[in-house]
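Worksheet: one structure, shown below.
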Amino acid sequence: MKRVLAIALGVLTAIGGFVDIGDIVANAESGARFGLSHAWVPLVGVIGICAYAEMSGRVSAVSGRPVFDLVRERLGPRVALANLAGSLLVTVLTLGAEIGGVGLALQLATSVGYLLWVPVVGVVLWVVLWRAKFSLLENLFGLTGLALVVFVIAFLHLHSDTGQLWRQATHPGPPVGEDWGTYWFFAVALFASAMTPYEVFFFSSGGVEERWSSKDLLTSRVNVFVGFPLGGLLAFALMATAATVFHPLQMSVDSLSQVALPAAVAFGKLGLAAAILGFFAATFGAAMETGLSSAYTVAQYFGWAWGKFRRPNGAARFHTVLMVSILVGVAVLMTTIDPIQLTEYTLVFSAVALPLTYLPILVVANDSGYLGRRVNGRLANGFGLLYLVIVLAAAIAAIPLMIVTRMGGG
Amino acid sequence: MKLIHRLIIAATALLGLWAGLAYQVSQPPAASGYARTVLQVAASAHDAATTGVLVARQQLRDHLTDAYTTTAYDDAVRAVAGAQQKLATAVAPDDASAALRDRLVPLVQDTVRDLSDAAAARDETTLGHAIDALGRTSRQLNDLVAELQANSRRDGPP
């Protein structure tokens, strides 16, 4: 019974913890401008992240070591350094975007400008990551993030033109007034938002933090194959509600206040409160994950002591990297760059860094020296290779599409 | 290849990139480029006005908190202000472009005024008037955006 409860808690946490500022922004923008014609992208992205998160979880559970640690050992310091450089840059920028997202959520709740919140959020984030236990952080914000389910219910409540939405979803392509370049730019951004590199590093290091062993493979797989798709459903609901409320008015969405509006239209102040709470939990939870992921990757690359399971003075360099990452994230925002714009840039760079993250994972997951008989089977390798081709295509296309479409401006 | 050769190649490539960028930004604006800027500004103003309508309607239904309402109007006004600034810094390359600008500027100004009226409204009647005004401006901007998009499709991409 205790094990079932632990698995259920893990699934709920995975659902609530799946969505971050990238998912919120990319799905809402896409829904407003393109209706549901990008509906296939989150589906493709969720299958991809499930395939690679399963590999990462299996590697951690069987070997007792995180993926990044093994990447350096298996592929050597040079390849691991390329992996580290790409993913760290993207993860620290994402951390900045998440902190900005927390600031924006607090602004919606208080009307105090987000820039005034940013340093406060930075300090609170650092204190929480210093003091609180890993499981508490994961469960608290994962479960609170479930408040975003308000968008699923709102979609059902808004009496959408389902025929029109179905037509958009089954006929992918740009609507009148948009072009194919912009359509593909948003497709790449949505795909990158679902497959953000920090997610697999966090999942794999989190498995070690929670002392997973081969016995926990079931927990890991249930989290991935049930929790992640349901989390993806929350992100998709943001697209669907934006497609219902904004797309018929031929308008685009470029602020968090607009993203929250469909929940208010459907359920008034209660819906609005749930949406703001969901945004806060999703972005704060993701800020913790990205902060920890930055420190995990650096510490694991250099072979330092790492992890929340150690006392801070036993992993001083790990906590220093964590603190510096938060400072950099805050500093980026204090340049007054719009957090939504920062998120858009982060998604593009994330798309570029995807192959650097996922190729090494595929290699390690096929190494019987670490995994014994738990190496990838044909199905896992089939999906792994297919997604490697897709992430490579997204990585090559991301920058040219960004330039040609002027960041999706058309 | 020696390190010095690599450095020379890298420096030459960087210099070429920099020169290309400098040439690009120092070019006088083409009419098509200006039309694209006008289209983006009109679309931003339209989005802000439509958001204003949506927010004000929910306000009438008592569906929003004060803090949210303040933020939503602030966001909309900031978006229009950014668009206005973009338009102000672009120089119209010919008379046709200037005529286009002269059609857009009053609509953008109306959007800012209507949004401010909605944000400042203290009773339902004033808010109702602000909704009507924002709706009118939004429709006019929508028509302009559609016209500019049609022109863009006819003339081809800039």
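The values are calculated or read from the model by the stated rules, or taken from the named source; none is laboratory data. All values derive from a computational prediction rather than experimental measurement. Using ideal geometry, Cβ is built from the backbone for each residue, glycine included, and neighbour counts are taken over all protein chains shown. Surface areas here come from the heavy atoms of the whole protein model, side chains and all, with no ligands, DNA or RNA. Shrake-Rupley method; radii C 1.70, N 1.55, O 1.52, S 1.80 Å.
Short version: which residues of the stretch A:260-296 lose at least 10 Å² of accessible area, all chains versus chain alone, 1.4 Å probe?
A:Leu261, A:Ala264, A:Val265, A:Gly268, A:Lys269, A:Leu272
What is the mean number of Cβ atoms from other protein chains located within 10 Å of the Cβ atom of each residue in peptide A:247-257, rounded to a whole number?
Mean shielding by partner chains, rounded to a whole number: 6.
So if we plug the beta-carbon distance of B:Glu124 and B:Ala81 into 1/(1 + (r/R0)^6) with R0 = 35 Å, what FRET efficiency do we get, rounded to 0.05?
Between B:Glu124 and B:Ala81 the formula returns 0.80.
A:Ala61: net charge of surrounding residues, Cβ under 9 Å, Lys/Arg +1, Asp/Glu -1, itself excluded? Intermediate results must be reported in sequence, preceding the final value.
On the way: positive: A:Arg58, A:Lys215, A:Arg374; negative: A:Asp216.
Summing Lys/Arg as +1 and Asp/Glu as -1 gives +2.
With a point put 7 Å past each Cα toward its Cβ, work out how far B:Ala98 is from A:Leu136 in nm, to one decimal.
Placing both labels 7 Å along Cα→Cβ, they lie 6.8 nm apart.
With a cut-off of at most 15 other beta carbons within 10 Å, and DSSP calling the residue loop, which chymotrypsin sites (Phe, Trp or Tyr not before Pro) in the stretch A:253-307 qualify? Please list them.
Qualifying residues, ordered by number: A:Trp304.
Which listed residue (A:Val332, A:Leu388, A:Tyr345) has the Cα farthest towards the positive end of the charge dipole for the stretch A:272-410, taking +1 on Lys and Arg C-beta and -1 on Asp and Glu C-beta about the Cα centre?
A:Leu388
From other protein chains only, count the Cβ atoms within 10 Å of every residue's Cβ in A:104-113, then give the mean.
Rounded to a whole number, the mean comes out at 4.
Compute the helix-to-body angle for B:124-155: its Cα long axis versus the longest principal axis of chain B, expressed 0 to 90° and rounded to tens.
The two axes meet at around 30 degrees.
With a 1.4 Å probe and every protein chain kept in, tell me what percent of the accessible surface of the stretch A:267-410 is carbon plus sulfur.
The nonpolar share, carbon plus sulfur, comes to 70 percent.
At a threshold of 8 angstrom on Cα-Cα distance, excluding pairs fewer than six apart, so keeping six or more, what relative contact order does the stretch B:29-155 reach in percent?
42 percent
So what is the relative contact order for chain A, in percent, with contacts set as C-alpha pairs under 8 Å and at least six apart?
Reported as a whole number, the value is 37 percent.
Helix A:228-245 versus the longest principal axis of chain A: what angle, 0 to 90°, nearest 10, using Cα atoms?
On a 0 to 90 degree scale, this one is about 20.
Out of the stretch A:205-263, which trypsin sites (Lys or Arg not before Pro) are coil in DSSP terms and have no more than 11 other C-beta atoms within 10 Å?
Values: sites: A:Arg211, A:Lys215, A:Arg221; in loops: A:Arg211.
Sites meeting the loop and neighbour criteria: A:Arg211.
Assuming R0 = 35 Å, can you tell me the calculated FRET efficiency for the pair A:Leu156 and A:Val44, based on Cβ-Cβ distance, to the nearest 0.05?
E between A:Leu156 and A:Val44, to the nearest 0.05, is 0.90.
Quick one: divide the alpha-carbon radius of gyration of chain B by 2.2 N^0.38 Å and tell me what you get.
Dividing the Cα radius of gyration by 2.2 N^0.38 Å gives 1.44.
Cross-link candidates for A:Lys308: which aspartates and glutamates have Cα within less than 13 Å, leaving aside residues fewer than 8 places away along the same chain?
Straight-distance partners of A:Lys308: A:Glu138, A:Glu209, A:Glu210, A:Glu289.
Might you work out the accessible area of A:Phe201 for me, using a 1.4 Å probe with all protein chains in place, and round it to the nearest 10 Å²?
Rounded to the nearest 10, that gives 10 Å².
For the stretch A:291-306, take each phi angle, set θ = phi - 60°, evaluate the Karplus expression 6.51 cos²θ - 1.76 cosθ + 1.60, and give the result in whole Hz per residue in order, putting x for glycine and proline.
x, 5, 4, 4, 5, 4, 5, 5, 4, 5, 5, 8, x, 7, 5, 9
Quick one: what does P(r) look like for the stretch B:1-48 with 5 Å bins over all Cα pairs, in whole %?
Calculated over all Cα pairs of the stretch B:1-48, the distribution is 4, 18, 11, 12, 11, 10, 9, 7, 7, 6, 3, 1 percent.
Give the ranking of B:Asp74, B:Asp114 by solvent-accessible surface, highest area first, calculated with a 1.4 Å probe.
The most accessible residue leads, giving B:Asp74, B:Asp114.
Could you tell me how many degrees, from 0 to 90 and to the nearest 10, lie between the Cα long axis of helix B:95-120 and the main elongation axis, the longest principal axis, of the Cα atoms of chain B?
So the helix axis and the longest Cα principal axis differ by about 50 degrees.
For chain A, what does the helix formula give at 222 nm: sum of -39500 (n - 2.57) over DSSP H segments with n ≥ 4, over the residue count, nearest 500 deg cm²/dmol?
-26500 deg cm²/dmol
Could you run the Karplus curve 6.51 cos²θ - 1.76 cosθ + 1.60 with θ = phi - 60° over the stretch A:30-47 and give me ³J(HN,Hα) per residue in whole Hz, x for Gly and Pro?
5, x, 5, 8, 10, x, 9, 6, 9, 4, 6, 5, x, 4, 4, x, 5, 4
Just to check I understand the Karplus step: with θ = phi - 60° and J = 6.51 cos²θ - 1.76 cosθ + 1.60, what whole-Hz values come out for the stretch A:19-24, glycine and proline as x?
7, 9, 4, x, 5, 4
Could you size up the charge dipole of the stretch B:102-142 around its Cα centre, putting +1 on the beta carbon of Lys and Arg and -1 on that of Asp and Glu, and report it in debye to the nearest 20? Before the final figure, lay out each step's value.
Working: 5 positive and 7 negative charges, 30 e Å.
Dipole magnitude for the stretch B:102-142 comes out near 140 debye.
How much net charge surrounds A:Leu217 when only the other residues with a Cβ under 9 Å from the Cβ of A:Leu217 are counted, with Lys and Arg +1 and Asp and Glu -1?
+3
Report, in whole Å, the centroid distance computed from the Cα atoms of the stretch A:295-343 and the stretch A:106-126.
19 Å
Work out, step by step, the length gained on full extension between A:Ile399 and A:Leu116: first 0.36 nm times the residue separation, then minus their alpha carbon distance; give nm to one decimal.
Full extension from A:Ile399 to A:Leu116 adds 98.6 nm.
Among the lysines, select those whose C-alpha is under 23 Å from the C-alpha of B:Lys2, and discard any that sit fewer than 8 residues away in the same chain.
Within reach: none.
Hey, which aspartates and glutamates would be in cross-link range of A:Lys215, C-alpha to C-alpha under 17 Å, not counting anything within fewer than 8 residues on its own chain?
Within reach: A:Glu54.
For the pair B:Ser116 and A:Leu218, how long in nm is the line joining their label points, each one 7 Å along Cα→Cβ?
6.6 nm
So how compact is the protein assembly as shown: Cα radius of gyration and Dmax in angstrom?
24.3, 78
Could you give log10 I(q)/I(0) at q = 0.13, 0.22 Å⁻¹ for the stretch A:68-155, computed by the Debye formula over C-alpha point scatterers of equal weight, without solvent?
-0.68, -1.13
At 1.4 Å probe size, what's the solvent-accessible area of A:Lys133? Round to the nearest 10 Å².
Only protein atoms counted, so the area is about 150 Å².
Taking 30 Å as R0, compute the FRET efficiency from the Cβ-Cβ separation of B:Leu15 and A:Leu327 and round it to 0.05.
0.30
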